[in-house]
Amino acid sequence: MQPSSILVFASLLLAPLAALQAADTKRPNILYIMADDHAAHAISAYGSRVNQTPNIDRLAKEGMRFDRVYAVNSICTPSRACILTGKYSHINGVPVFNRFDGSQPTVAKYLQAAGYYTGMFGKWHLESDPTGFDKWTILPGQGDYFNPAFLEPGGRRVIKGYVTDIITDLSIDFLKNRPQDKPFFLMCHHKAPHRNWQPDEKHKAMFANKVIPEPDTLRDDYATRTDAIHECTQKILENLNANDTKGPPPAGLTGDALLKWKYQRYMQDYLACVQSVDDNVGRILDYLDKTGLAENTIVIYTSDQGFFLGDHGLFDKRFMYEESIRMPFLVRWPGVAKPGSVQAAMGINVDFAPTFMEAAGLPVPADMQGRSLMPLLKGERPADWRTSWYYRYYHDPGDHNTRAHYGVRTETHKLIYFWKIDQWEMYDLVKDPAELHNIYQDPAQADTVAKLKTELYRLKKELKDDDQFANEQPGSQPKKAK
């Protein structure tokens, strides 16, 4: 543990007990709900063309919708480590699917030390056991959709039912049985809608006969792109298999007809899984209302990263394209976040831990690399708020053969470097929001390229990314596809 973290822990632990107890009636509860692979553009509050999510939308109507929040490493395990620590992958030690070192400081530990009752239920996906939680029940690895096994401090148990319902049940039980004299910090982590998208019968039937609108870029030909997207194996037409589509395609389907069929099967199941998540968000919000907890509880809904829903002809995530890196982030905080408000300032997932710290009235540790979103939640944008941020993905070789890359996103442009194949992409996000035209080689863009490279390497240095994991992939060969 670094010296700054030790000092913060010490200050919390040595704080007078009476002062903490007095503050407990004022400090907000924090309910953090996170789905797995839930793209923002599959939420109606974000303008979805493919589904309606009335319960998740409640948080947007009653709080703030963040339009530009991003994952700094768009893949499940690394994102979770970033969220817990407030640090990038090269600092928290989780660049791919390797084991999270639970001895390091986390936001859960800080809040627990300050008197919060802490709970973690659902998908953990960090290999090691959770630390910093008073109660936890987690899925082993990816977990199963039906009759899933769970791990707890006392061992392993199977719970009958559908995983999204069960995780909500466990979370509500935590709220029912919590100490009444402490604020709570609850992480409710859903497995859905992770691949291979297995809905329960009720929600499956809702989408079975629906025709889902196709994205405009479903037939992207990658004409101006580097080798990376051509080489990847996360294409709907070529790489969705019979396990994903719950059976082989009808005989004789080829070409565009096969693409259409695979897209529909993929999206019908994906959206049915999302609908179950939405229903269960409604259940837990109703519980907060019924018990009077809603008034002093911050509720966050997000995903561990974005997801391709046929955009660019892809499924999965990993690439630094908008659909992959953009996270839904909805926050309801009565008296702080103005109902129906929208925030356009850029946030990143390493900002979550500092935000929870400040919300709880605690100092943000100096070694956290994120920045509290608190001023944005209050409708303020500090003059020095970020106008760019740094991304890095490591898993190469790995699942889906997605090339390792890092890059910078500003408010108007994106520059991506696939360092193992030494190829670049650049996009003007104002003129080309769909990222169809790589203009890196355009002579007219030379000055912009140079400025973006300067900013990229400034951020890389500032964040102390010294290529710690560039040539090694701890745990990079997972037993199951992620």
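Out of all DSSP beta bridges with both ends in the chain, state the antiparallel percent to the nearest 5.
On the way: 32 of 60 bridges.
Bridges in the chain are about 55 percent antiparallel.
Under 17 Å from a point placed 7 Å out from the Cα of LYS176 along the Cα-to-Cβ direction: which residues of region 287-328 have their backbone N that close?
287-293
Modelled label-to-label distance, LYS461 and ALA434, 7 Å Cα→beta-carbon offset: nm?
Between LYS461 and ALA434, the simple spin-label model gives 3.9 nm.
How do the peptides 92-100, 457-465 rank, highest first, by the average count of neighbouring beta carbon atoms within 10 Å per residue? Don't skip to the answer; put the middle values down first.
On the way: 92-100: 22.9, 457-465: 14.4.
Per-residue mean Cβ counts within 10 Å order the peptides as 92-100, 457-465.
As a test, work out the antiparallel percent of DSSP beta bridges whose residues both lie in region 43-175, rounded to the nearest 5.
That works out to approximately 55 percent antiparallel.
Cα gyration tensor of region 59-209, axes a ≥ b ≥ c as square roots of the eigenvalues: rounded (a/c below 1.5), prolate (a/b > b/c) or oblate?
Here region 59-209 falls in the rounded category.
For region 379-392, take each phi angle, set θ = phi - 60°, evaluate the Karplus expression 6.51 cos²θ - 1.76 cosθ + 1.60, and give the result in whole Hz per residue in order, putting x for glycine and proline.
Once rounded to whole Hz, the list reads x, 10, 10, x, 4, 9, 5, 4, 10, 7, 8, 10, 10, 8.
Using a ≥ b ≥ c from the Cα gyration tensor of region 180-276 (square roots of the eigenvalues), is it rounded, prolate or oblate, where a/c under 1.5 gives rounded and otherwise the larger of a/b and b/c decides, a/b for prolate?
Working: a/c = 2.67, a/b = 1.55, b/c = 1.72.
Since a/c reaches 1.5 but b/c is at least a/b, the shape of region 180-276 is classed as oblate.
Within 10 Å of each residue's Cβ, count the other Cβ atoms and sort HIS194, HIS437 from fewest upward.
Details: HIS194 24, HIS437 15.
Sorted ascending by nearby Cβ count, the order is HIS437, HIS194.
Using a/c under 1.5 as the rounded threshold, could you call the chain rounded, prolate or oblate? The axes a ≥ b ≥ c are square roots of the C-alpha gyration tensor eigenvalues, and prolate needs a/b larger than b/c, oblate otherwise. Show your work: numbers first, answer last.
On the way: a/c = 1.61, a/b = 1.21, b/c = 1.32.
Oblate shape, in that a/c is at least 1.5 and b/c is the bigger or equal ratio.
Got a sec? Charge dipole of region 208-363, +1 on Cβ for Lys and Arg, -1 for Asp and Glu; which of GLY310, CYS273, ILE236 is way out at the positive end?
Sorting the options by dipole projection puts first CYS273.
Which residues in region 193-228 have a backbone N closer than 14 Å to a point placed 7 Å from the Cα of ASN243 along the Cα-to-Cβ line?
What the label zone holds, given the 14 Å backbone N cut-off, is 195-198.
When the Cα centres of region 82-152 and region 246-319 are compared, how far apart do they sit, in Å?
Using only Cα atoms to place each centre, the spacing works out to 23 Å.
Where a number appears in this text, it was derived from the coordinates with a stated rule and is not lab data. Fair warning: this is a prediction, and the values are worked out from it, not measured in the lab. Glycine gets a Cβ as well: all are built from the backbone with ideal geometry, and neighbour counts include every protein chain shown.
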